[in-house]
1. Please verify whether N173 is more than 23 Å from the chain's Cα centre (by Cα), polar (S, T, N, Q) and at pLDDT 90 or above, treating the condition exactly as stated.
2. For segment 125-145, state whether one or more residues are not small (G, A, S) and not in a helix (DSSP H, G or I).
3. Filter segment 233-273 for residues that are closer than 17 Å to V214 by Cβ and in a loop (DSSP other than H, G, I, E, B) and give the result.
4. Return the residues of segment 162-219 that are outside any helix (DSSP H, G or I) and of a type outside the set (D, E); say none if nothing qualifies.
5. Given segment 1-120, what helices (runs of 4 or more DSSP H) lie entirely inside it while holding 1 or more residues that are modelled with pLDDT of 75 or more and under 54 Å from the mean Cα position of the chain (by Cα)?
6. Since S90 meets every condition but one in (1) farther than 30 Å from Q136 by Cβ; (2) free of Cβ contacts under 8 Å to residues at least 12 places away in the same chain, which condition does it not meet?
7. Taking D251 as the residue in question, decide whether it is more than 22 Å from D186 (Cα to Cα) and among the acidic types (D, E).
Amino acid sequence: MSENAEAVTTEEQVTQDSTILGSEAVGDNLDWKSSLPDELKNDPTLSNFKDVESLAKTVVHQQKQMGNRIPIPKDEEGFNELYTKLGRPSEATAYETNIPEDMQEHYSEDNLNQFKDVAHKIGLNQKQVDALIEYQHGAIRASVDNEPAMLAAQKEDTEQTLKQDWGLDYNKNIRAAQRALQVYGDEEIMDLMNTSAGNHPAVVKLFARLGAEVTEDMTQNTQNNTLATNKLDAQDEINAIYSNTQHAYFDQKNPDHKTAVERVRQLMEKVHG
């Protein structure tokens with residue numbers, strides 16, 4: 001090749017590199033996707049990116065977003081790791097359950113321990129446990145506040161039921177039930193009858209049957225199951241009275257003398273029929 005030919009070739013290259021058309025032609029040959037395999041080069045996804053810089057920015061952004069996400073565990077070990085990251089304590093006993101004094105009667109130690117075990121099993125953290133306990137406090141307080149209205153409604157329903165069952169004997173049977181409760185009911189039974197149990201038709205009917213054999217005198221001279229309920233107890237009480245010469249039973253001037261005499265009469269009736 002002559003020196004003139006080489007000079008022309010060099011001049012053409014300089015011209016191509018120095019003009020808009022020339023540089024654009026070179027640019028086509030240097031498209032950023034041109035070095036990729038065909039399966040990637042022709043993927044529609046890459047058509048959204050005009051250059052490597054825009055692609056890089058998108059990749060970096062996506063990686064940051066994925067770094068903030070928590071992958072879904074596939075096994076128990078994975079779930080345990082996740083629960084720990086979310087604040088679950090290492091042991092169920094580590095949960096704090098500070099129960100206010102006015103709520104303590106509604107929680108037993110056994111129930112609280114069972115609750116802690118379940119909370120730990122399902123991965124709750126302390127904040128979640130606190131929220132559940134506070135919710136339970138609210139439910140208990142609402143139940144206590146509504147109890148008088150609930151008992152009143154139950155009483156009305158029971159009265160209607162018993163009036164239908166007993167008809168004209170309703171008042172008589174209610175008095176009999178009240179007499180039986182006064183004679184045979186101890187403190188625990190009395191407390192129980194002040195709950196919804198005292199409004200249960202079957203309970204009222206039971207005391208009515210017991211009260212059918214209880215006289216008004218028996219209720220006046222007995223308080224909360226102090227009347228002997230079997231012959232042996234009755235005989236023991238008679239013996240104790242007879243062995244005590246200072247007992248009101250032997251002193252007609254004692255203001256309790258008549259009550260004591262009636263008491264002995266009832267006991268004797270229990271023993272001898």
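The values are calculated or read from the model by the stated rules, or taken from the named source; none is laboratory data. A quick note: this is a predicted structure, and the numbers were derived from the prediction, not measured. Methodologically, a virtual Cβ is constructed for each residue, glycine included, from the backbone with ideal geometry; neighbour enumeration extends over all protein chains shown.
1. Yes; evaluated as a whole, the condition is true for this residue.
2. Taking every residue of segment 125-145 in turn, at least one turns out to be not small (G, A, S) and not in a helix (DSSP H, G or I).
3. Hit for segment 233-273 is G273, nothing else.
4. Listed by number, the residues that qualify are G185, N194, T195, H200, A212, V214, T215.
5. 52-67, 76-85
6. (1)
7. yes
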